[in-house]
Structure formats: structure tokens, C-alpha cells
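Notes follow the structure.
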Amino acid sequence: MDIYNVEAAEILANEAQLLPIGEAAPIYEKLLSTFPTAAKYWKQYVEAYMSAKDDEATKQIFSRCLLSCLQINLWRCYINFIRRVNDKRGSDGLEETKKAFDFMLNYVGNDVASGPVWMDYIAFLKSMPVVTPQEESHRMTTVRKVYQKAILVPTNHVEQLWKDYENFENSVSRTLAKGLLSEYQPKFNSAKAVYRERKKYIDDIDWNMLAVPPTGSYKVINANDQYLTGRGNPQRIDATTANRRVTFTFEQCLMYLYHHPDIWYDYAMWHAKNGSVDSAIKIFQRAVKALPDSGVLKYAFAELEESRGAIQPAKAIYESLIAENAGMTSLAHIQFIRFLRRTEGIEAARKYFLDARKLPGCTYHVYVAYATMAFCLDKDAKVAQSVFEAGLKRFMHEPGYILEYADFLCRLNDDRNVRALFERALSLLPPEESIEVWKRFAQFEQTYGDLSSILKVEQRRKEALSRTSEDALSALENTLYDVVSRYSYMDLWPCSTKELDYLSRHEWLAKNIANRGDKSVVLTSGATLDKGDIRVGSNKKSLPQSSKVVRPEISRMVIYDPRQMKGPDFSTTASGYTKEIDEILKRLSPQMMSFITNLPAIEGPSPDMDIVLSVLMQSTLPVGDKPGSQVPGPATSDLSGPGKSGLNQNGSVHRPPRDGQSTKRKNSERGRAQEEDDTSTTVQSRAMPRDIFRLRQIQRSRGLGPSQSGSAALSSGSVFSGDQSASSG
């Protein structure tokens with residue numbers, strides 16, 4: 001059962017409100033034991049006792065919840081109770097109420113919603129009776145100080161408080177008010193600016209949210225943002241006031257993030273960074289009480305105690321970790337051994353290790369940690385090897401322990417014992433658990449062995465691991481990927497990234513097809529591979545299993561041919577486009593319309609528009625064609641030479657002289673082309689169509705003959721396709 005079920009808690013709280021306090025009290029106690037920082041439940045609980053006129057029980061409830069629930073509504077309920085109790089006590093009651101106001105504002109006066117509380121306090125001070133002028137002067141001074149404190153707090157009523165303060169000062173002395181108001185005007189402006197900035201975060205916070213374990217919800221993230229915004233000092237106030245404000249922000253944040261260890265840690269470290277280690281210790285004590293299962297908080301707590309020289313408190317924390325966290329016992333043993341080595345010396349750590357290894361919950365990690373500590377810190381390789389050998393009798397079946405022991409022997413450069421260790425372990429481990437050991441053995445031979453030993457271990461590994469493969473025959477085959485794995489080093493590879501990707505995909509595809517039991521695989525090139533010719537390298541990184549791959553029904557697949565795909569019929573207009581496209585083009589600018597009409601035709605699948613737009617955003621687009629400008633095409637140097645032709649400015653074909661004949665046109669034809677040049681500008685600005693019939697129509701309208709139009713069609717077609725072609729005579 002989920003004890004942090006918010007919906008169930010709300011149902012219980014609503015039922016408790018309808019019951020007498022005697023029957024509702026157990027329900028509230030149960031709720032508050034689960035949600036100790038739920039201010040709304042505390043408020044309902046205490047209001048039930050207030051309705052029953054049980055003042056003593058009410059005071060007890062307030063003493064339990066006020067300091068841990070810094071919510072303005074709960075505290076206003078408290079001050080209303082104090083005022084009611086002291087209402088008929090005369091001057092003593094007024095003094096008690098004043099102390100209660102000071103007590104409340106000391107804790108929640110920095111709340112963003114504390115504006116009404118400040119205003120209530122000022123109204124209360126103004127209503128206090130005075131007899132002598134000295135008492136009147138004292139009251140005015142007290143009211144002035146409260147106003148000056150209130151306008152420094154970024155609250156939702158800061159502007160109203162400033163107006164009230166102006167009226168107050170002007171009512172006392174206009175001469176004195178001018179100087180005081182000019183002094184506090186910048187401070188008020190700063191507080192107002194900070195409130196507007198914080199308002200962006202606090203508006204989205206649910207102030208009735210219950211503290212539950214971390215779930216990553218949006219509301220919790222917003223609460224965390226609000227807590228982060230209160231850690232700085234944008235108003236440049238004094239350090240004491242700033243620290244009090246940050247403390248309040250942390251405390252209020254913990255009301256909603258009570259089960260978040262990172263908030264507790266940040267709170268404690270903030271105190272330690274500001275020189276208040278004792279306060280940090282108190283925060284850690286509260287944190288481990290609130291989150292008893294959080295091992296990381298206890299380690300941080302022990303670290304802080306050790307850093308300040310409190311060895312015995314730190315030792316007690318480690319011992320509690322070992323006693324309370326059964327699932328983290330091995331880690332607790334390791335950290336405690338290191339702690340003893342740092343604080344009490346080698347003998348204390350050795351003695352504890354000898355006791356810890358006899359415990360039933362001790363894992364091979366404890367042996368590895370102590371052996372590593374003896375080798376690296378104590379510089380005693382003999383003790384370290386003895387520890388590894390002692391653990392080998394108990395953890396020979398653990399591949400992780402074998403690998404750690406092998407690494408240690410490699411540090412000693414003891415290649416003979418490394419080989420003996422691998423041979424001994426591989427003879428005992430089952431094939432499915434020996435994959436990593438075989439891999440490390442092969443890597444070891446690549447460093448310490450020769451080519452024959454490398455190939456021998458590779459072949460033995462394949463034979464051993466083929467027993468775990470569904471296709472033993474293909475697992476024994478050598479592939480190019482094996483060569484890549486042998487001749488790579490760190491992040492250096494004997495092939496390009498594309499080749500490596502191809503090999504990886506090929507190996508994975510081969511394995512999946514082999515697992516399906518297919519007799520052959522048809523590749524894109526048309527070649528056919530037998531089942532025994534493909535396999536996945538044993539040293540390949542883990543890829544998705546074949547059972548998780550959704551394969552298409554290949555027997556029903558056909559080759560894509562756009563000619564077989566009859567698209568929808570559209571009615572075209574005189575411009576050659578559909579009516580819908582014409583409507584769109586009419587709303588575009590001339591430059592954009594020119595760009596779109598010059599786009600090439602698309603045959604086949606449509607391009608990815610996101611990629612096209614990203615290319616266009618990074619490109620410099622040309623301005624629309626001007627009369628007399630050249631049509632884009634190959635460079636002049638590319639068109640020069642025998643057998644090559646180019647385009648004139650009017651779009652016609654320019655041919656080099658042949659057999660000494662002049663290419664000069666007749667004056668009448670040149671004049672006619674010059675007259676029609678202006679009228680054909682719009683035609684030139686459009687894209688040259690690929691349809692030969694339409695291309696010849698355009699050429700005739702420009703005044704070209706049939707032979708010229710034919711060559712122009714060939715030349716223009718080569719230009720728009722991006723190729724260079726020779727003219728057809």
C-alpha cells in the first residue's frame with residue numbers, strides 16, 4: 001500500500017473535518033505522521049481544538065508544527081489565537097501579543113505573502129493606548145522601524161506598504177519625511193523589482209502540495225526553482241538579513257521537498273560554507289531523521305564530521321550504516337575500512353577486514369577494495385596478492401572478481417600468473433558467464449602475447465562461445481570485424497567511420513537473419529550469401545535482440561517505381577500549375593515567386609522539408625533576374641573549346657565558328673531579337689521546362705530557328721541538369 005497516496009489523504013482529511021475532535025484526532029495524527037510538513041492538515045487539526053475551546057491542546061499543537069511549517073496561513077491562525085487569548089488581559093495581554101507578532105515575523109516575515117501580516121502588526125501598534133508624550137514618541141518610533149523593515153521585504157503588498165509609510169511620515173513631520181523617504185525610496189524600488197522577478201516562479205507553485213518522495217513532477221520542479229531564486233542577495237542587504245532570508249527559503253522549500261536528499265544536503269552545505277558548521281550538523285541530524293534510508297546523506301554527514309575532526313561521531317554514523325542498511329552492507333564495509341585506515345591506521349583497517357570477511361553478506365567487492373588499498377596506500381603487493389588468493393577460493397565463480405585480480409596481476413607485470421588465472425577461471429565458468437573473461441583474455445594477449453597466441457585465444461574463444469550461440473557454425477567463421485577489433489587501439493580504428501558502421505550493421509543483420517533460420521540472404525547488390533557465411537563478432541557491443549526487431553513481409557515487397565504510382569488528378573491552369581498553387585503564388589512577393597518558379601521538377605519521393613529549409617537558411621539566395629542578366633549556367637571557361645556551346649544573354653545558343661564560317665547573324669534577325677528582348681524578359685525569368693515541345697515553343701517566341709532551338713534544348717537541358725554537353729550540329 002502506498003502511504004503517500006495524496007488522494008487517499010485528502011479523503012481522510014475531509015472526513016476528519018466532519019467528526020468531533022475526539023474521533024478526528026487519531027486520523028489527524030496518522031496523516032501528520034506521514035506528512036509532517038503538511039501545514040493545511042496542521043491548520044485543520046488546530047482549528048478543531050480551537051473550536052472546542054481547548055486552549056492547552058491548541059498550544060501543544062502549535063508547539064509541534066510552527067517551526068517546521070513556515071506557511072503564512074498557519075501562522076496567521078496562531079496570531080489570531082494569541083490575540084483572542086490575550087484580548088481581556090489588558091496591558092499584559094497587549095505585550096504578549098506584541099511579542100507573538102515579533103516572534104511570527106522573525107520566522108515568516110520574509111514570506112512573499114507576509115504583506116497582510118506586516119499591515120496587521122502596524123495596525124496593532126497604532127491601536128495600542130498611550131498616556132504620556134514619551135509613550136507616544138516611543139510608539140511612533142516603533143511603527144517607523146516596522147515600516148522600514150516591511151518595505152525591504154519583496155511581498156505582494158510592498159507597494160501598499162510604501163504608500164502607507166509615506167502617509168505616516170508626512171503626518172508626523174514633512175521636513176523629516178523628505179529625508180527619510182529619499183533614503184528608503186531606492187530600497188523600496190529594489191524590493192519591488194525582486195518581487196516581480198520572484199513572482200514568475202511562485203505563481204505556478206501549489207502551496208497546498210504534500211511532501212512525497214521524488215517523482216520529478218512539474219510542481220516539485222517549480223518549488224525547487226522558487227527555492228533557488230531565494231539564495232542570492234539581489235537587494236544588497238546586510239549579511240545577517242540576507243542569511244535569515246536564505247534560511248527561511250530553505251525551510252519553506254523543505255515543507256514540500258521533505259523527501260529530497262539533495263535539498264537537505266544543499267541546506268547543510270550552505271551553512272558550512274558560511275562558517276556555521278554547528279548549524280550544518282543540526283541540518284544533517286534532521287535530514288537523517290527525516291530520511292533514515294538515505295545512505296548518501298549519512299556518508300555526507302560522516303564526511304562533514306570527519307572533516308572537522310569529530311572522529312567518534314563519524315564512526316558512529318558508519319556503524320549505523322552497517323547496522324541499518326542491509327542492502328548496502330558491502331559498500332558500508334568498504335567505506336568503513338577506508339575510514340579506519342584514514343583515522344586509526346593500517347592495523348585497525350586490517351582487523352576490521354578480517355572480521356568483515358567472515359560475515360555471510362560479505363561480497364567479493366570487500367576483498368578487492370582491501371587488496372587495492374593495501375597495494376596503493378600501504379605499498380604492500382604481497383599482502384594484496386594474498387588477499388586476492390584468499391578471495392579466489394570463495395569467488396572463483398564471479399567474473400568480476402577474476403577481472404579485478406587479472407588487472408592487479410597486470411600491474412605487477414606478472415603475465416605468467418595472469419594466463420594461469422584466466423585458464424583456471426575459464427575451465428570452471430560456464431560459457432554464458434565467461435564472455436567478459438574471454439574478452440579480457442583476448443585483450444591481454446594483444447598486449448602481452450605474440451600473433452600466434454592472439455589467434456589461438458581468439459579461436460578458443462569462438463569455440464567456447466559457439467556453444468551459447470544458436471548458430472554455432474557461423475560463430476566459428478572469421479570476419480573482417482575480428483580484424484578491426486584486433487587492430488584497433490583506444491579510440492583509433494583501422495577503418496573509417498562509414499566502414500565501421502557498415503560492418504556493424506552487416507554483422508547485426510547477418511545475426512538476425514541467421515537467427516530466423518533463413519537459408520540465404522539477398523543483399524542489395526544482388527549477391528547471395530549462405531547461412532554459414534555470416535555471423536556476429538563475439539566482441540561486438542550488445543545490439544538489440546532479434547526478438548525485438550519487427551521485420552517486414554519481404555515476399556510482398558515490390559520495387560518502387562513512380563510510374564506505377566498514379567497520383568490524384570488536378571485541374572491545371574494556363575500557367576501550367578494547379579488552381580491551388582496559383583492562388584498561393586498570387587500572395588507571394590515577386591522575388592519568392594521567381595525563386596519557386598525556378599525550382600526543378602521532382603520525380604520520385606518528396607524531399608524532407610526540414611532539411612531543405614535548413615539548407616536554405618544557411619544559403620545566400622540570389623535576387624530576382626533583371627532584364628539583360630545571364631541565365632545561370634556553366635562558367636565561360638567550361639564552355640570554351642572545340643565542340644562546346646554556350647547561351648547568349650537572350651537565351652539563344654552561341655556556337656563557335658565552324659570551318660572558318662562567321663557566326664554573325666543577319667542584321668534583320670538581330671534587330672528583331674533586340675526588339676523582342678524586353679517582351680521576353682518574363683519568359684526568361686521562368687525555369688526552362690524539361691518538356692522538349694514547350695522548350696521549342698519558348699525558343700520560337702524568342703526568334704530562333706528550328707535548328708537553333710534544337711541545340712538550345714540540348715544545351716539548356718544540360719545546364720539545368722548540372723552537366724555539360726556538346727552541341728549537336
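The values are calculated or read from the model by the stated rules, or taken from the named source; none is laboratory data. All figures in this text were calculated on a predicted structure; none of them were measured in a lab. All Cβ positions, glycine included, derive from the backbone under ideal geometry; neighbour counts span all protein chains shown. Surface accessibility is based on the protein's heavy atoms, side chains included, excluding ligands, DNA and RNA. Shrake-Rupley method; radii C 1.70, N 1.55, O 1.52, S 1.80 Å.
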For this session: List every residue pair whose Cβ atoms sit under 8 Å apart, with the two residues 6 or more apart in sequence or on different chains, where the first one lies in segment 166-194 and is closer than 16 Å to Thr141 by Cα and the second, anywhere, is open to solvent by 70 Å² or more (accessible area, probe 1.4 Å).
Result: Glu169/Leu176
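Say we look at segment 482-496 and pick out the residues that are open to solvent by 100 Å² or more (accessible area, probe 1.4 Å) and not aromatic (Phe, Trp, Tyr); which of these is nearest to Lys462 (Cα to Cα)? Spell out the reasoning first.
Filtering segment 482-496 down to residues open to solvent by 100 Å² or more (accessible area, probe 1.4 Å) leaves 487, 489-493.
Imposing the further condition that a residue be not aromatic (Phe, Trp, Tyr) reduces the set to 490-492.
Numbers: Met490: 23, Asp491: 25, Leu492: 24 Å.
Taking the candidates together, the pick is Met490.
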Seminar exercise, completed: Per the list (1) out of contact with any Leu (no Cβ under 7 Å at 6 or more places or on another chain); (2) in contact (Cβ under 8 Å) with a residue 60 or more places away in the chain; (3) open to solvent by less than 20 Å² (accessible area, probe 1.4 Å), residue check on Phe35 breaks on (1)
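Residue-by-condition table, conditions (1) at positive phi; (2) under 47 Å from the mean Cα position of the chain (by Cα); (3) crowded, with 17+ Cβ neighbours inside 10 Å; (4) outside any helix (DSSP H, G or I):
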| position | (1), (2), (3), (4) |
| --- | --- |
| Ala113 | no, yes, no, yes |
| Val117 | no, yes, yes, no |
| Lys126 | no, no, no, no |
| Val130 | no, no, no, yes |
| Glu136 | no, no, no, no |
| Val143 | no, no, yes, no |
| Asn170 | no, no, no, no |
| Leu180 | no, no, yes, no |
| Asn189 | no, yes, no, no |
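Any chance segment 92-101 includes a residue that's closer than 27 Å to Ile202 by Cβ and open to solvent by less than 10 Å² (accessible area, probe 1.4 Å)? First the steps, then the outcome.
First, pick out the residues of segment 92-101 that are closer than 27 Å to Ile202 by Cβ: 100-101.
Next, only the ones that are open to solvent by less than 10 Å² (accessible area, probe 1.4 Å) stay: 100-101.
Scanning segment 92-101 turns up at least one residue that is closer than 27 Å to Ile202 by Cβ and open to solvent by less than 10 Å² (accessible area, probe 1.4 Å).
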For this session: Report, by residue number, each residue of segment 431-446 that is open to solvent by 60 Å² or more (accessible area, probe 1.4 Å) and in contact (Cβ under 8 Å) with a residue 12 or more places away in the chain.
Result: Glu432, Glu433, Ile435, Glu436, Lys439, Arg440, Gln446
For this session: Consider only pairs whose beta carbons are under 6 Å apart and that are at least six residues apart or on different chains; among these, list those whose first residue lies in segment 199-213 and is part of a loop (DSSP other than H, G, I, E, B) and whose second residue is among the basic types (Lys, Arg) and open to solvent by 30 Å² or more (accessible area, probe 1.4 Å).
Result: Asp206/Lys219; Asn208/Lys40; Met209/Lys219
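Inspect all residues belonging to segment 417-430 and state whether any of them is among the hydroxyl-bearing types (Ser, Thr, Tyr), farther than 27 Å from Ala390 by Cβ and open to solvent by 40 Å² or more (accessible area, probe 1.4 Å). If you could, list the steps in order and put the result at the bottom.
If we filter segment 417-430 for residues that are among the hydroxyl-bearing types (Ser, Thr, Tyr), which is where we start, we get 427.
After this cut, where a residue has to be farther than 27 Å from Ala390 by Cβ as well, the list is none.
No, the conditions are met nowhere in segment 417-430.
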For this session: Could you tell me which residue of segment 242-281 is surrounded by the fewest Cβ atoms within 10 Å (Cβ to Cβ), considering only residues that are within 22 Å of Gly309 (Cα to Cα) and among the aliphatic types (A, V, I, L, M)?
Result: Met269
Exercise. Which members of segment 150-168 meet the condition of being open to solvent by 10 Å² or more (accessible area, probe 1.4 Å), at pLDDT 90 or above and polar (S, T, N, Q)?
Worked result: Gln160, Asn167
Exercise. When you go through Leu161, Leu176 one by one, which is the residue that is of a type in the set (A, V, I, L, M) and within 23 Å of Asp238 (Cα to Cα)?
Worked result: Leu161
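Are any residues in segment 289-333 among the polar types (S, T, N, Q) and either farther than 22 Å from Ala356 by Cβ or without any contact (Cβ under 8 Å) to a residue 24 or more places away in the chain (or both), and if so, which ones?
Taking segment 289-333 first, the residues among the polar types (S, T, N, Q) are 294, 307, 312, 320, 325, 329-330.
Within segment 289-333, Ser294, Ser307, Gln312, Ser320 qualify.
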